[in-house]
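What follows is one structure encoded as structure tokens, with my remarks underneath.
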Amino acid sequence: MIAAIDRGEFLSTRENLLAHLQRWLADHSTPAILLLNGPLGVGKTSLVEIFRDLISPTDRESNPVASPTYALHHRYGRIEHFDLYRLENEDELETFGFWEMLQDPQNWCLIEWSERVADTHWPRNRPVFQWDLSWVAGNESERRYQWVKI
């Protein structure tokens, strides 16, 4: 049986997302790997920005969150942010130390478009959460956020 802390969901607008993520982090304080999936434009990078504000707030002014689609990777304090949208093959991950960064238990790893990497490759020595983001039918400003520990 999966514990409630290992699975959940909430509906939120961008304005309320901070409060939801504060509650989530209160239950999940150990740095983890978050696999962020959802359609283009649903708000994965916005989610990363709010996590950054909560986990590494001193980076807010000096290091704004940007979609790393072209660079594949950005670092914000204790957050490693990856966007694998343009990943052509998993061999590209070796070029910048992706697998080594995932092993660091001190940092959070937030990975957009993580479905481009085989599920069997995620580290087993750290918490890994699958986050699925989607639009809420009939309300263009609201999103559904679902997570499960894998």
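Condition (residue is within 17 Å of the chain's Cα centre (by Cα) and hydroxyl-bearing (S, T, Y)) applied to region 135-149: is it met by at least one residue? Yes: region 135-149 contains one or more residues that are within 17 Å of the chain's Cα centre (by Cα) and hydroxyl-bearing (S, T, Y).
For (1) surrounded by 15 or more Cβ atoms within 10 Å (Cβ to Cβ); (2) under 18 Å from W24 (Cβ atoms), each residue gets a yes or a no:
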position: F51; (1), (2): yes, yes
position: I55; (1), (2): yes, yes
position: H73; (1), (2): yes, no
position: D91; (1), (2): no, no
position: F96; (1), (2): no, no
position: L102; (1), (2): yes, no
position: P105; (1), (2): no, no
position: I111; (1), (2): yes, yes
position: H121; (1), (2): no, no
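The C-beta contact set for region 37-52 (first residue assigned to a loop (DSSP other than H, G, I, E, B) and of a type in the set (S, T, Y), second residue crowded, with 18+ Cβ neighbours inside 10 Å and modelled with pLDDT under 90, distance under 9 angstrom, 6+ apart or interchain) is empty.
Condition check ((1) modelled with pLDDT under 85; (2) under 15 Å from the mean Cα position of the chain (by Cα); (3) among the hydrophobic types (A, V, I, L, M, F, W, C); (4) more than 23 Å from H20 (Cβ to Cβ)) across all residues:
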position: L35; (1), (2), (3), (4): no, yes, yes, no
position: L47; (1), (2), (3), (4): no, yes, yes, no
position: S62; (1), (2), (3), (4): yes, no, no, yes
position: M101; (1), (2), (3), (4): no, yes, yes, yes
position: P105; (1), (2), (3), (4): no, no, no, yes
position: L110; (1), (2), (3), (4): no, yes, yes, no
position: T120; (1), (2), (3), (4): yes, no, no, yes
position: W131; (1), (2), (3), (4): no, yes, yes, no
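Given the residues E94, E140, which is the only one that is in a strand (DSSP E or B), acidic (D, E) and either modelled with pLDDT under 95 or touching a Leu at 6+ places or on another chain (Cβ under 9 Å) (or both)?
Working: E94 fails: in a strand (DSSP E or B).
The unique qualifying residue is E140.
Sub-9 Å Cβ pairs linking a first residue in region 4-20 that is in a strand (DSSP E or B) to a second residue that is acidic (D, E) and surrounded by 12 or more Cβ atoms within 10 Å (Cβ to Cβ), at least 6 apart or interchain, are E9/D132; L11/E142; S12/E142; T13/E142, ordered by first then second residue.
The values are calculated or read from the model by the stated rules, or taken from the named source; none is laboratory data. Model, not experiment: these values are computed from the prediction. Neighbour counts run over all protein chains shown; Cβ positions are idealised from the backbone, glycine included.
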